[in-house]
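Read the structure below first, then the notes.
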Amino acid sequence: MAGLLYGVGVGPGDPELMTLKAVRLIKENDIMVLPGAEPKETVAYEIALAAVPELKDKQLISVYMPMTHDKEEQRRCHEKGAKIVEAYLKEGKNVVYLTLGDPTVYSTFTYIQQIVEKDGFKTQLVSGVPSFCAAAARVNMPLSIWNEQIHVLPAVHNLTEALPSAGTCVLMKSGSKMKQVKEIIKKSGRDAVMVENCGTEKEQVYFHVDDIPDTAGYYSLIIAKEENYD
C-alpha cells in the first residue's frame with residue numbers, strides 16, 4: 001500500500017500552541033518534509049523542534065518553495081516537490097509535511113497536496129492554530145462579536161482595492177508593501193494593530209496604524225476593525 005501524506009499545521013510560532021495531534025504524528029512517523037532549502041533553518045522546524053525534541057532524529061526532506069510571482073517557476077518547484085514526496089509514498093511510507101499556522105490557510109502544502117492527489121495518492125490535513133487567531137489573542141482582541149463579518153485578505157494582492165465597508169479585516173502577506181497597506185487602512189477609516197513574528201522571540205506588537213513601520217517582515221499580520229479598539 002502507498003503511504004499517506006499529512007499536511008500538519010504547527011501553529012503561528014509559539015510551540016505551546018501546537019496541537020496534540022501534530023505532536024503525535026511527528027513522534028509516530030519518520031519522514032518530515034519542510035518547505036525550505038535547508039529544513040533545519042525553516043521556521044516550521046524551529047517551532048516543532050521546541051515542542052517535539054524527537055524531531056531532530058527524523059529524516060528531514062527539503063521541498064523548496066521560493067517566494068516568487070513567477071507562475072512557471074512556482075509550477076516547476078511544486079512539481080519537483082510533489083515528486084520527491086511521491087517517491088516515499090510509493091515505498092509505503094507516511095510523510096509529514098510541516099507547515100506554519102493552519103494548512104488550509106494560504107499554505108504552501110496546498111500546491112503539493114493538489115498534485116499528489118491528482119497522481120492518485122491520499123492526503124490528510126491536520127489543523128493548526130491560524131496566525132490571525134493567535135495574533136488577536138495576543139492583543140486580547142475579539143475578531144468578531146455578534147454578527148460582525150471577518151474578511152481575511154492577502155494584502156499584497158489587494159493593493160488597488162478598498163477594504164470591505166463592514167466587519168473586521170485581517171490583512172496577511174503585508175510586509176513587503178506595508179506603506180501602501182497602511183494607506184488603504186487609513187482610507188477605510190479604521191485603526192489597526194499589527195503583530196510581527198507572533199509567538200516567537202522576535203515578536204513585535206504595534207497597537208495603532210501610525211505606529212506600524214513602513215517596512216516589516218514577511219510574518220506580519222494586521223487586524224483592522226471598524227472602530228478603534230483599545
Scan the range 137-160 and tell me whether some residue there is under 18 Å from Gly11 (Cβ atoms), under 20 Å from the mean Cα position of the chain (by Cα) and polar (S, T, N, Q). no
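One line per residue, one yes/no per condition, for (1) at pLDDT 90 or above; (2) touching a strand residue (DSSP E or B) at 6+ places or on another chain (Cβ under 9 Å); (3) within 27 Å of Leu17 (Cα to Cα); (4) not assigned by TED's automatic domain parsing to the domain that holds Met194:
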position: Phe109; (1), (2), (3), (4): yes, yes, yes, yes
position: Lys118; (1), (2), (3), (4): yes, no, no, yes
position: Phe121; (1), (2), (3), (4): yes, yes, no, yes
position: Ala135; (1), (2), (3), (4): yes, yes, yes, no
position: Met141; (1), (2), (3), (4): yes, yes, yes, no
position: Glu148; (1), (2), (3), (4): yes, yes, yes, no
position: Thr168; (1), (2), (3), (4): yes, yes, yes, no
position: Lys177; (1), (2), (3), (4): no, no, no, no
Out of Cys169, Cys198, report the one residue that is assigned to a loop (DSSP other than H, G, I, E, B) and surrounded by 17 or more Cβ atoms within 10 Å (Cβ to Cβ). Cys198
Can you find a residue in the range 214-223 that is outside the structural domain of Thr68 (by TED's automatic domain parsing), out of contact with any helix residue (DSSP H, G or I) (no Cβ under 7 Å at 6 or more places or on another chain) and either of a type in the set (S, T, N, Q) or part of a helix (DSSP H, G or I) (or both)? no
Can you say whether Glu28 is among the charged types (D, E, K, R), surrounded by 18 or more Cβ atoms within 10 Å (Cβ to Cβ) and more than 27 Å from Cys198 (Cα to Cα), as far as the supplied structure shows? no
Go through Tyr88, Tyr97 for me and flag whichever is closer than 13 Å to Val8 by Cβ and either buried (at least 17 other Cβ atoms within 10 Å of the Cβ) or acidic (Asp, Glu) (or both). Tyr97
Of the residues that make up the range 132-150, is at least one polar (S, T, N, Q) and closer than 12 Å to Gly7 by Cβ? no
Pick from Leu60, Leu34: which is hydrophobic (A, V, I, L, M, F, W, C), surrounded by 21 or more Cβ atoms within 10 Å (Cβ to Cβ) and not assigned by TED's automatic domain parsing to the domain that holds His157? Leu34
Could we say that Ile184 is touching a residue at least 24 places away in the same chain (Cβ under 8 Å) and either part of a helix (DSSP H, G or I) or of a type in the set (Val, Ile, Thr) (or both) here? yes
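The values are calculated or read from the model by the stated rules, or taken from the named source; none is laboratory data. Being a predicted model, the structure only gives us computed values, none of them experimental. Positions of Cβ are generated from backbone atoms using ideal geometry, with glycine treated the same way; all protein chains shown enter the neighbour counts.
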